[in-house]
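Presented below is the structure to which this report refers.
The values are calculated or read from the model by the stated rules, or taken from the named source; none is laboratory data. Just so you know, these numbers come straight off a predicted model, no measurement behind them. Heads up, the Cβs are rebuilt from the backbone with ideal geometry, glycines too, and the neighbour counts pull from every protein chain shown. Surface accessibility is based on the protein's heavy atoms, side chains included, excluding ligands, DNA and RNA. Shrake-Rupley method; radii C 1.70, N 1.55, O 1.52, S 1.80 Å.
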Amino acid sequence: MSSRRRTLLKVIVLGDSGVGKTSLMNQYVHKKFSQQYKATIGADFVTKELQIEDRLVTLQIWDTAGQERFQSLGVAFYRGADCCILVYDVNVRKSFDTLDNWHEEFLNQASPTDPKTFPFILLGNKVDIDGGNSRVVSEKKAREWCASKGNIPYFETSAKEDYNVDAAFLCVAKLALAND
Ligand code: GDP
Ligand code: MG
């Protein structure tokens, strides 16, 4: 009878500035993409409701307001996160190289009960650019990194072309729910 109760899950999105974090959220929640660079969505988080089997889930997805460029994100951002989405741009080597830092930063700031089993997911975004000809990080390299961090799930995405965005966030919701 109470199986249809709503579950609120907090998800945070981390990665270098410009990799497409805000765009992925916008595509997922509003089905919109903008070429224009917007550093902020003007809110701390957006929400999206979905049903997973008999559970009604509200994903509360927290975005940065661009402060990832120059300052730390603060405890409120990390507090109580149920899943952490890491994003890099497959065309920008540095955004892949900094994943270690973001991963570590999350574990330090959020200090989850069990860091070894806390659910992360990695998204390699902007696979649409130049038909993939300008990519500098191979899928193999990305999967190796995921394996080295305890088998983090990996998706290649395009916020622009809405490629794999729903699939990635469904995986996020399932991971967060399992961790709740
Ligand atoms: P954030 O700083 O990580 O939030 O990145 P944004 O979402 O603001 O995106 C930075 C820029 O990359 C913007 O100009 C977006 O339009 C563009 N962008 C984001 N995702 C994609 C994508 O999948 N493909 C392409 N071609 N451009 C993207
Ligand atoms: Mg942003």
Coil-residue trypsin sites (Lys or Arg not before Pro) of segment 132-169, DSSP, other Cβ within 10 Å capped at 15: K149
Cα→Cβ-extended label distance, 7 Å offset, between F33 and A178, nm: 2.9
Antiparallel DSSP beta bridges within segment 1-146, percent to nearest 5: 30
Virtual spin-label span in nm between F45 and R6, 7 Å along Cα→Cβ: 1.3
Most fluctuating residue given options D54, D100, D89, as computed from a GNM of the chain linking Cα atoms under 10 Å: D54
Within the chain, longest stretch free of exposed chymotrypsin sites (Phe, Trp or Tyr not before Pro) [DSSP loop, at most 13 other beta carbons within 10 Å]: 71-180
Most fluctuating residue given options I121, I85, I129, as computed from a GNM of the chain linking Cα atoms under 10 Å: I129
Spacing of the two label points (7 Å from each Cα toward its C-beta) at S138 and R93, in nm: 1.5
Probe 1.4 Å, accessible area per residue of the chain, Å²: 51
Length released on extending from L170 to D54, taking residue separation times 0.36 nm less the Cα-Cα span: 40.3 nm
